[in-house]
Amino acid sequence: MMHKFVEFQSAKAALLFADYCKTQGLQVVIEPHGQASALFAPAEQLPQVQSLLEQFLQDPAHPRYQAAAWQQSNIVATSAASSRVQLAALWRAPLTSVLVLLTLVVYLWQQLDFSGANAALQLTQPTQFWRWLTPIVLHFSLTHLVFNLCWWGLLGYKVEQHTNSATLLQLTLSSAVISNGLQLALAGPNFGGLSGVVYALFGYCWLYDKLRGTQHYPITNGLAAFMVLWLALGFMDVLWVNMANWAHLGGLLCGLVWAWLSKGAKPS
């Protein structure tokens, strides 16, 4: 016998969740109830469905649900209204947004006065404490900038929403200092970029979910393996781009340590 377990006001949300359940081998049926959509499942599957529902309600925008819709050939289009909601949600992650804007301003400064911006922000004078942080906002090509900001925007937003701004701040500041300091000590001051912090977020998000058996962050084992391979290739000096390899390694280790230290903490 089928039992009703939830009712969504949004038909798109109901379809996303139902498709995801089907990819997990669960039988979920949608029935329209006026303007709402009711979901039904067999009694013996209700405990598993309820567990998946709790995860869905915590983060309905997770890529796994759209991927399930593709798998079921039910592509859920994003309306203009939902796009505005997502944009508003970004501004509820203030640290993520502020660093994006700051990095863009610095990149514009570099286009106007490349030498001046680099001289002011690179870690050339360690006694000036702010220079241990400022290299993270320097980027030397548009590709470099876009790659780092895309990952920062995705992972920074996820961390800030799932935990809080303070957690993202401590992760960002500590990984910036460690990655910049390691790169300075072992390769010199001619570097810049948010990559060390991005690697910290990768390490943090991957190990955070592994330690808890959750799926809060969009870091699969395959993606984690690729990032480690990319790091290794950088050290082997076989890539076509110059990379701050020690900064990447320092950031990754810092993120892993933070995830380990927070394994017993509950999200706020």
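Taken over segment 93-122, the residue count meeting the criterion of being over 24 Å from G156 (Cα atoms), crowded, with 18+ Cβ neighbours inside 10 Å and not polar (S, T, N, Q) is 1. Within segment 174-181, none of the residues are surrounded by fewer than 24 Cβ atoms within 10 Å (Cβ to Cβ) and over 26 Å from Q110 (Cα atoms). Scanning segment 169-190 finds no residues that are under 15 Å from the mean Cα position of the chain (by Cα) and more than 23 Å from L102 (Cα to Cα).
Contact map, segment 192-214: first residue under 16 Å from W151 (Cα atoms), second residue open to solvent by 30 Å² or more (accessible area, probe 1.4 Å) and of a type in the set (V, I, T), Cβ cut-off under 8 Å, separation 6 or more or different chains; pairs are G196/I178.
Of the residues making up segment 254-268, those that are at pLDDT 90 or above and surrounded by 17 or more Cβ atoms within 10 Å (Cβ to Cβ) are C254, G255, L256, V257, W258, A259.
Rundown of residues vs (1) more than 22 Å from L261 (Cβ to Cβ); (2) out of contact with any Lys or Arg (no Cβ under 8 Å at 6 or more places or on another chain); (3) modelled with pLDDT under 95, yes/no style:
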| residue | (1), (2), (3) |
| --- | --- |
| V137 | yes, yes, no |
| V159 | no, yes, yes |
| L171 | no, yes, no |
| L184 | yes, yes, yes |
| G188 | yes, yes, yes |
| F191 | yes, yes, yes |
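The values are calculated or read from the model by the stated rules, or taken from the named source; none is laboratory data. All values reported here derive from a predicted model rather than from experimental measurement. Cβ atoms come from the backbone with ideal geometry, glycine included; neighbour counts cover every protein chain shown. Surface accessibility is based on the protein's heavy atoms, side chains included, excluding ligands, DNA and RNA. Shrake-Rupley method; radii C 1.70, N 1.55, O 1.52, S 1.80 Å.
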